[in-house]
Amino acid sequence: MKINYNEKIPNNVDLSSDRRLQRALERWQPEFLNWWDELGPENSMELEVYLRTAISVEKEGWAHFDYVKMPDYRWGIFLTPSDSDSKINFGIHKGQPVWQEVPGEYRSELRRLIVTQGDTEPASVEQQRYLGNTCPSLYDLRNLFQVNVEEGRHLWAMVYLLQAYFGRDGREEAEAMLERHSGDPDKPRILEAFNEETPDWLSFFMFTYFTDRDGKFQLGSLAESGFDPLARSCRFMLTEEAHHMFVGETGVGRVVQRACDLMNDYNTDDIRQYGGIDLPTIQKYLNFHFSVSTDLFGQELSTNAATYYNTGIKGRFGETKIDDDHLLHDSNYSILELCGDKIVSTDVPALNAVNERLRDDYIVDCDLGVRRWNKIIETAGIDFRLKLPHRAFHRGIGQFSEIQTDLEGKIISQAEWDQRQQDWLPTQEDQAFVQSLMQQVLEPGKIAGWIAPPKGKINRQDFEFEFVRFN
Ligand SMILES: [Fe+2]
Ligand SMILES: [Fe+2]
């Protein structure tokens, strides 16, 4: 299971024993590099970046840190080792051995799931393309690039599955991954949140906190799949995803910290004049990114999701830790539903509510970080708390997309929404202000004025370390 770095495409799947597949992937590799060149991080080709690279897929010590030029990053195919007698843990095939090949009857569903997941990976790299030009510090620049190369690797993970298991269709899907682009009017990315811009670093931190966390929950449920190669790919991707969410949580936390420091130093809430991002503006960005990411879980009641679950191709988050029959044929689940002009709690068949259950798990997880941000505010002695908006707020998908609500989920008229949304979502003026703070800082140990330096280290290197070298 050691990763073989002597091959053109590093892998731990014994790629050289399958010449056809190897050739197909080697044909795709230059197209990927062209895409990276055109739509990956701008002005980054010559930089030497202190990056971690996977050296082993074992739990301990899989990461190796060194300076790398990003186009030379060793993107490859890494799967968590297989457990030879793994069984399917849910659905009608529960108890049967996991599949090493795609079952013919589930082929199109599996392909759709892999394509949808795969499409998000290069999308976020495209969304973040210009952020390097305004990085608040070298430490942050390095973190951005680490996230970008790993999203690139996640694309490799999904493209490997398509090419290895879906024949000609899979090869075509692999091409299409590089043809759709974030925000492209003709060929957009599949999911809407991945067509939004990430125009500034506050948005980037919110994105990696809220939207990468959707990735955690999607990957977590695909990691339960009866299709073993998919499950094992996703398990390894999850270890990388954890860092992305860390970047988001600590990033937002540092913006909050800086806001509090400025409020206390100058004894005022009005810190924009001192170059800080005020807490109400942070709350508005939070509202936006949370609501857009909440949409990614789809419809509250979904027959597709029920089919995915029933057939064993996509489970629930932490499936094996849930104490029930893992069939869900006669159980109920409680969801929030729109009933006339009210939002009420109602019991529905659990199988149809698999999406909503995943959204519930996601919201609980989102709230943990909000509490840690509030600890920072509390410690600073400031009377303000950040809060997740109600799940019905500002939705574009699902039944709540038909209504407007305030942050607490109280249904309001369109007229009231039009009047009040500027208090809840970033206005053009807010965005222009945040944008005005985005000035590139490249000197080791220096940092922009709107964000506090990090408390933690990267691979035992202090904030002062030269995380990126310019030649
Ligand atoms: Fe990813
Ligand atoms: Fe990610």
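Derivation of every value follows stated rules applied to the coordinates shown; laboratory data play no part. These figures come from a predicted structure and were not determined experimentally.
Some values worked out for this structure:
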| quantity | calculated |
| --- | --- |
| Projected area averaged over orientations for the range 323-471, convex hull of C-alpha atoms, nm² | 15.1 nm² |
| Beta bridges per DSSP with both ends in the chain, % antiparallel, nearest 5 | 90 percent |
| Over 31 Å (Cα to Cα) - which of K410/K455; K69/K455; K69/K446 fall in this group | K410/K455 |
| Calculated log₁₀ intensity ratio I(q)/I(0) where the Debye formula runs over C-alpha points of the range 1-73, q = 0.13 Å⁻¹ | -0.49 |
| Long-range Cα-Cα pairs in the chain (distance over 28 Å), rounded percent | 53 percent |
| 222 nm mean residue ellipticity, helices alone, for the chain (DSSP H n ≥ 4; -39,500 (n - 2.57); rounded to 500) | -15000 deg cm²/dmol |
